[in-house]
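Colleague: Please read through the structure below; I'll follow up with questions.
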Amino acid sequence: MAAASRIALPLLLSFNAGYVDTAGFLALEGLFTAHVTGNFVTLGAALAFGSSGALAKLLALPVFCAVVVMSRLLGTLLANRLAPVFEIFVGIKILLLIASAYLAIRFGPFRDGDSWQAILTGMVLVAAMAIQNAIHRVHLGSAPPSTLMTGTTTQIMLDLADSIYKRKGQERQPAARLTTMSASVIVFAIGCGAAALAFVRFGTLCFALPPVVAALSLLVRLAMNQLQIERTLDLQS
């Protein structure tokens with residue numbers, strides 16, 4: 001049970017990241033909410049073709065950075081007070097995803113990516129994904145990144161190449177690492193596909209799913225904590 005929970009948590013985060021990034025891209029004139037550096041490319045395209053959404057793309061990176069910094073500072077404060085940092089931040093992320101779902105459903109579909117409604121919705125999503133990035137890096141550092149798949153895919157290909165032909169004296173990488181990284185990429189891709197299908201079928205109502213997935217990840221984390229407490233009590237008894 002504990003092992004399954006440890007595996008499930010990063011996968012839920014990867015699914016949500018792929019889903020939110022794709023849904024945001026489709027609904028908000030090409031805005032990347034999880035992979036914010038991709039907005040440099042879409043910003044150039046928006047300027048070249050005169051399409052809307054340039055302002056949101058300009059704001060995405062500074063908003064992302066500001067939220068990560070604030071998350072770090074607040075996380076340090078909470079840690080010094082022995083508070084459950086990861087759980088608190090997942091709770092904040094859930095609230096942000098609920099707010100973004102309300103905004104998207106209330107004001108969408110967005111015909112103008114530079115409208116205040118679209119920008120506000122996009123920045124709330126960016127903030128939610130910034131928190132996920134921050135807590136993943138700090139608290140799940142051994143797991144593959146849940147939002148940026150380029151580095152993970154590169155490592156998968158390197159490990160595959162090494163499994164075919166490795167240098168003399170090179171240690172063979174454990175198969176578990178390749179499996180874990182591959183699962184992260186696959187689940188992220190599934191999230192992307194699910195978001196595309198949901199957006200085509202339900203429009204901005206598709207944003208109702210991410211808070212549910214985030215809440216499920218919180219439940220998994222709480223279950224992990226409970227199992228750890230029970231294991232500690234068993235060892236002490």
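Colleague: If I go through the stretch 28-87 residue by residue, how many of them are over 14 Å from residue 122 (Cα atoms) and acidic (Asp, Glu)?
Modeller: Residues that pass the stated criteria total 1.
Colleague: Of (1) modelled with pLDDT under 90; (2) closer than 26 Å to residue 127 by Cα, residue 200 satisfies all except one. Which?
Modeller: For residue 200, the exception is condition (1).
Colleague: Filter the stretch 113-127 down to the residues that are part of a helix (DSSP H, G or I) and either of a type in the set (Asp, Glu) or touching a residue at least 24 places away in the same chain (Cβ under 8 Å) (or both) and list them by number.
Modeller: Within the stretch 113-127, 118, 119, 121, 122, 123, 124, 125, 126, 127 meet the criteria.
Colleague: I would also like to ask the following. Going by what's in this entry, would residue 196 be described as within 15 Å of the chain's Cα centre (by Cα) and in contact (Cβ under 8 Å) with a residue 40 or more places away in the chain?
Modeller: Criteria not met by residue 196.
Colleague: Looking only at residues in the stretch 138-178 that are loosely packed, with under 12 Cβ neighbours inside 10 Å and under 19 Å from residue 6 (Cα atoms), which one is modelled with the lowest pLDDT?
Modeller: 174
Colleague: For the stretch 8-26, name all the residues that are surrounded by fewer than 24 Cβ atoms within 10 Å (Cβ to Cβ) and either free of Cβ contacts under 8 Å to residues at least 12 places away in the same chain or farther than 20 Å from residue 221 by Cα (or both).
Modeller: Listed by number, the residues that qualify are 25, 26.
Colleague: Then there is this: Which is on the phi < 0 side of the Ramachandran plot, surrounded by 15 or more Cβ atoms within 10 Å (Cβ to Cβ) and either free of Cβ contacts under 8 Å to residues at least 40 places away in the same chain or of a type outside the set (D, E, K, R) (or both), of 218, 205? Spell out the reasoning first.
Modeller: Working: 205 fails: surrounded by 15 or more Cβ atoms within 10 Å (Cβ to Cβ).
Result of the check over 218, 205: 218.
Colleague: Tally the residues that are surrounded by fewer than 23 Cβ atoms within 10 Å (Cβ to Cβ) and in contact (Cβ under 8 Å) with a residue 60 or more places away in the chain, restricting the search to the stretch 27-47.
Modeller: 2
Colleague: In this structure, is residue 195 out of contact with any Gly (no Cβ under 8 Å at 6 or more places or on another chain), hydrophobic (A, V, I, L, M, F, W, C) and either at pLDDT below 95 or surrounded by 15 or more Cβ atoms within 10 Å (Cβ to Cβ) (or both)?
Modeller: It is false that residue 195 is out of contact with any Gly (no Cβ under 8 Å at 6 or more places or on another chain), hydrophobic (A, V, I, L, M, F, W, C) and either at pLDDT below 95 or surrounded by 15 or more Cβ atoms within 10 Å (Cβ to Cβ) (or both).
The values are calculated or read from the model by the stated rules, or taken from the named source; none is laboratory data. None of these values were measured; they are calculated from a predicted model. With ideal geometry, Cβ positions are generated from the backbone for all residues, glycine too; neighbour counts draw on all protein chains shown.
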